[in-house]
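What follows is one structure encoded as structure tokens, with my remarks underneath.
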Amino acid sequence: MDSVSLSEVTAIRRTHLGFMHSFRQQFSGVPISPKFCSSKVDGPKATLSSNTKSQSVYGGNIAATADSGYKINGVNLKSRTLISSVKERLLLDAYDDEYGGVIVDHGKLPSNPFAFASMLRASLSDWRRKGKKGVWLKLPVEQSELVPIAIKEGFEYHHAEKRYVMLTYWIPEEEPSMLPANASHQVGVGGFVLNQHKEVLVVQEKYCAPSITGLWKLPTGFINESEEIFSGAVREVKEETGVDTEFSEVIAFRHAHNVAFEKSDLFFICMLRPLSDKIIIDGLEIKAAKWMPLVEFVEQPMIRGDKMFKRVIEICEARLSHRYCGLSPHRLVSTFDGKPSSLYYNVVDDDHDPSHSNCNTDYL
């Protein structure tokens with residue numbers, strides 16, 4: 001008979017009736033005593049050993065028979081799948097990832113914390129025996145009571161969203177963890193919108209640091225999940241000012257560190273063409289908005305005193321006079337993942353196809 005260790009089949013002293021009901025279905029048509037199906041075990045924990053002929057599981061006795069079958073409470077079972085069926089019921093549903101690890105199926109987690117604790121320990125033992133590496137455990141907010149159980153077993157926080165917490169576990173103790181870290185950057189955009197009168201669209205934010213109170217600035221905001229840079233810039237300008245725009249190009253971007261929540265920050269400054277001029281401000285975020293002469297905008301003390309922003313304005317002015325060329329998005333498909341993505345670049349001169357170049361395009 002195959003040996004079954006205690007680490008592979010762990011007893012659950014207190015388990016959920018629904019879990020036991022599904023477990024009981026494995027033996028449909030076989031008379032099983034009420035003691036075996038009880039959801040409460042009054043005796044000692046189950047013990048399984050290759051050195052004994054009788055093994056106790058959930059208060060019922062599993063005994064090996066002479067013809068390599070099994071007997072449950074005196075009922076003969078010729079199949080040797082009994083123990084494997086029990087073991088499968090004690091493991092979390094999971095599937096392999098492409099890096100030698102496993103991803104737990106969060107849609108099939110047990111609802112009972114005691115069952116989860118036992119199944120998690122058994123699963124870790126099983127994954128370790130199989131040579132698995134990283135474990136990804138996603139716990140929905142509806143089952144937040146399972147978080148401290150996983151932490152106690154050695155899982156670590158990876159990231160959290162509104163509806164779930166993601167935990168990870170690196171199994172090989174002799175190897176450093178190769179699991180990727182949580183996202184390290186946030187992405188922001190600023191819209192430089194200039195009309196035919198050389199007026200720039202500017203706003204004053206309702207909530208801002210005292211040091212920039214009264215400053216007229218470009219409309220800015222953060223990119224949403226799965227949103228393109230160019231569409232995010234157009235959206236932010238529309239939300240804050242009500243002005244419709246068309247994306248032209250990325251003029252420059254800034255890379256800063258230790259910004260919000262100790263994350264790094266990428267901020268893309270985008271030139272946009274106005275398609276309308278009527279301003280309707282977002283009263284939740286914006287105190288005021290207007291079209292401001294570019295020369296007046298640049299002469300603001302805080303703008304003049306900021307070397308980086310002053311350089312940004314110089315770049316924008318250089319673009320207007322065709323002395324600078326920004327980056328335009330081009331949709332391409334990579335063979336690495338087969339998915340379309342945006343590659344930002346410019347072509348100063350293209351003798352084969354001048355339409356590829358955006359540098360000679362008049363902005364105004």
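Details
- Residue that is farthest from the chain's Cα centre (by Cα), among those in the range 232-244 that are surrounded by 21 or more Cβ atoms within 10 Å (Cβ to Cβ) and more than 15 Å from R273 (Cβ to Cβ): E240
- Here Q196 does not qualify as among the polar types (S, T, N, Q), in contact with an Asp or Glu (Cβ under 6 Å, 6 or more places away or on another chain) and either at pLDDT below 95 or open to solvent by 20 Å² or more (accessible area, probe 1.4 Å) (or both).
- Summed over the range 275-322, the residues that are touching a Phe, Trp or Tyr at 6+ places or on another chain (Cβ under 7 Å) and closer than 23 Å to S211 by Cα give a count of 4.
- Qualifying residue in the range 109-118 (condition: within 21 Å of E174 (Cα to Cα), over 16 Å from the mean Cα position of the chain (by Cα) and of a type outside the set (S, T, N, Q)): no
- Checked against (1) under 15 Å from the mean Cα position of the chain (by Cα); (2) open to solvent by 50 Å² or more (accessible area, probe 1.4 Å), W136 meets all criteria but (2).
- F222 being open to solvent by 30 Å² or more (accessible area, probe 1.4 Å) and either touching a residue at least 24 places away in the same chain (Cβ under 8 Å) or touching a His at 6+ places or on another chain (Cβ under 7 Å) (or both): yes
- Any hit, the range 323-343, residues being in a helix (DSSP H, G or I) and either open to solvent by 70 Å² or more (accessible area, probe 1.4 Å) or hydroxyl-bearing (S, T, Y) (or both): no
- Within the option set F309, F247, F267, F297, being touching a Lys or Arg at 6+ places or on another chain (Cβ under 6 Å) and either crowded, with 16+ Cβ neighbours inside 10 Å or closer than 16 Å to L218 by Cα (or both) holds for one residue only, F267.
- Residue check, V202 open to solvent by less than 50 Å² (accessible area, probe 1.4 Å), within 23 Å of D265 (Cβ to Cβ) and at pLDDT 95 or above: yes
- Where a residue in the range 249-267 is farther than 19 Å from R311 by Cβ and its partner, wherever it lies, is part of a strand (DSSP E or B), with Cβ under 6 Å and at least six apart: H257/S264; V259/D265; K263/Q186; S264/H185
- Residues of the range 94-137 that are over 19 Å from E156 (Cα atoms) and in a helix (DSSP H, G or I): G107, K108, F114, A115, D126, R129.
- Restricting the range 161-178 to residues that are at pLDDT 95 or above and of a type in the set (A, V, I, L, M), the residue that is farthest from G242 (Cα to Cα): I171
- Candidates H330, H356: the one that is modelled with pLDDT of 90 or more and under 38 Å from the mean Cα position of the chain (by Cα) is H330.
The values are calculated or read from the model by the stated rules, or taken from the named source; none is laboratory data. Just so you know, these numbers come straight off a predicted model, no measurement behind them. As a convention, Cβ positions derive from the backbone with ideal geometry for all residues, glycine included, and neighbour counts pool all protein chains shown. Note: accessible area is taken over every heavy atom of the protein model, side chains too, but ligands, DNA and RNA are not part of it. Shrake-Rupley method; radii C 1.70, N 1.55, O 1.52, S 1.80 Å.
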